[in-house]
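Okay, so here's the structure we're looking at.
Every read-out reported here was derived from the displayed coordinates using simple, explicitly stated rules and does not represent laboratory data. Predicted model, so just to flag it, every value in this text is computed and none were measured. Cβ placement follows ideal geometry from the backbone for every residue including glycine, while neighbour counts extend to all protein chains displayed.
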Amino acid sequence: MKNKKAFYYAILPIAYFIFSLILVSVVFGVLKIVLDIYYRYNSQYGGTVVDAIKFFMLFRAQTGLDRNLNYLIIAICTFVTYFLFMRKTFVSLAKIVEATNQMAAGDLDKVIDIDCKGDIKILGDNINIISRLLKDVTVQERKAQQTKADLITNVSHDLRTPLTSIKGYLGLINEDKYRDEVQLRYYVDIAYQKSKELEVLINDLFELTKVQNNSITLDKIEIDLVELLNQIIFQFGYQFQSEKIKERSFFSEDKLIICADPNKLVRVFQNLINNGIKYGTGEFLDIYAYKKGSYAVVDVVSYGNPIPSVELPYIFDKFYRVEKSRNKNDGGSGLGLAITKSIVTLHGGIINAQSDGEKTIFKVMLPLLDKKIKNENKNS
């Protein structure tokens, strides 16, 4: 195939040149015969054409060019015709060379506009596609580098803050700079709490890395989502009571059967409920579960203290924190929502957030288990 293409490209210019030579020779021969006949029958009358023919014949006789002049005219006309045939190809090649030079210099916005058909057109279009893909890859690489730099900065900051506290209080204990055992226990408790924050951050970092690198395995089983949510809500009973928040459930009467990893989904809804308790200022936290098309949908609704609209698109990013004034409590790794989104995505689901002056809604959509698949599993 490659040899055929190479032969085609090698023979094409020669074929065009031979075709141009034949065409010019035929036209020249026909024109010469026509002019000779015209001159023979009209030489006694004169006229512009006849005078021009006489002048040409006299010029040819005096210079002695004769047949050589015919060859010269044919050669010039052949090259002109050949150029006209190949002009679009030459111009297109020149555009491609110029454009690729600019692309090589870093101008990936350059687009090659080819005004011809065939392989030259395909070549130009392919270079445009490659340039566009290369630009996209370059942009993605820059974003990845920026994300990596931000990740290192945020991790360093978030690790340094509790670590500084731990070192400070342990230093006071080591130097016996405490009044009594009560103050000693107070210092130890602070150091212990800060060490737990470090543990949460490190565990979240490992989990997020595994989830986003697809190195985590999902142990999927059939789950009734309503039953799972009831279990999770029961575990939050003490926290709801201590925060003086009343949980309200609005669940579908039908079973919402999905195929998922229960342990990973527990993490998803724990994160969302914790988020609602931490940032909500209302007295209620509502949880809805219902069917919508081929999805099981769960809405976690908290009231008061909305998320600004300009920040909504970024709340699932790593280490992104909404303005400090929304946070009633310190702690947390800043990775909870990023992990939540990654787990939902791994399950083929969708998660988004909406917020206005009254409430904030986190909506999770997970694919319902197909009845056909369920029946096949039972039969097998």
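Could you calculate the contour length gain from Ser294 to Tyr238, that is, 0.36 nm times the residue separation minus the distance between their Cα atoms, to one decimal place in nm?
Here the answer is 16.7 nm.
Can you tell me the length gained on complete extension of the stretch Ala149 to Lys110, counting 0.36 nm per residue apart and subtracting the Cα distance?
11.1 nm
How charged is the neighbourhood of Lys88? Take every other residue with its Cβ under 9 Å from the Cβ of Lys88, and add Lys/Arg as +1 and Asp/Glu as -1.
Working: positive: Arg87, Lys117; negative: Asp115.
Result for the local shell: +1.
Under a Cβ-Cβ cut-off of 10 Å, what is the net charge of the residues other than Glu207 that fall near it, where Lys and Arg count +1 and Asp and Glu count -1? Display every interim value, and only then the final one.
Working: positive: Lys210, Lys264, Arg267; negative: Asp204.
Net of charged neighbours comes to +2.
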Which FRET efficiency value, to the nearest 0.05, is calculated for Thr164 and Ile76 with the Förster distance at 56 angstrom and r the Cβ-Cβ distance?
0.05
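What is the calculated FRET efficiency for Phe17 to Asn101, with r their C-beta to C-beta distance and R₀ = 41 Å, to the nearest 0.05? Write out the running numbers ahead of the final one.
On the way: r = 29 Å, r/R0 = 0.70.
Calculated transfer efficiency: 0.90.
Give me Rg/Rg_expected for segment 77-147, where Rg uses Cα atoms only and Rg_expected = 2.2 N^0.38 Å with N residues.
On the way: Rg = 16.3 Å, N = 71, 2.2 N^0.38 = 11.1 Å.
Taking the Cα Rg and dividing by 2.2 N^0.38 Å, one obtains 1.47.
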Label point distance in nm, Ala10-Ser156, each placed 7 Å from Cα along Cα→Cβ:
6.0
If we sort 96-108, 224-236, 171-183, 276-288 on the protection proxy, mean other Cβ atoms within 10 Å, highest first, what's the order?
276-288, 224-236, 96-108, 171-183
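Pairs of alpha-carbon atoms within less than 8 angstrom and 6+ residues apart define the contacts here; what relative contact order does segment 180-318 have, in percent?
Numbers: 130 pairs, mean separation 29.2, N = 139.
So the answer I get is 21 percent.
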Local electrostatic count at Leu108 - Lys and Arg +1, Asp and Glu -1, tallied over other residues with Cβ under 9 Å:
+1
Give the peptides 26-32, 294-300 in descending order of average Cβ contacts within 10 Å, highest first.
294-300, 26-32
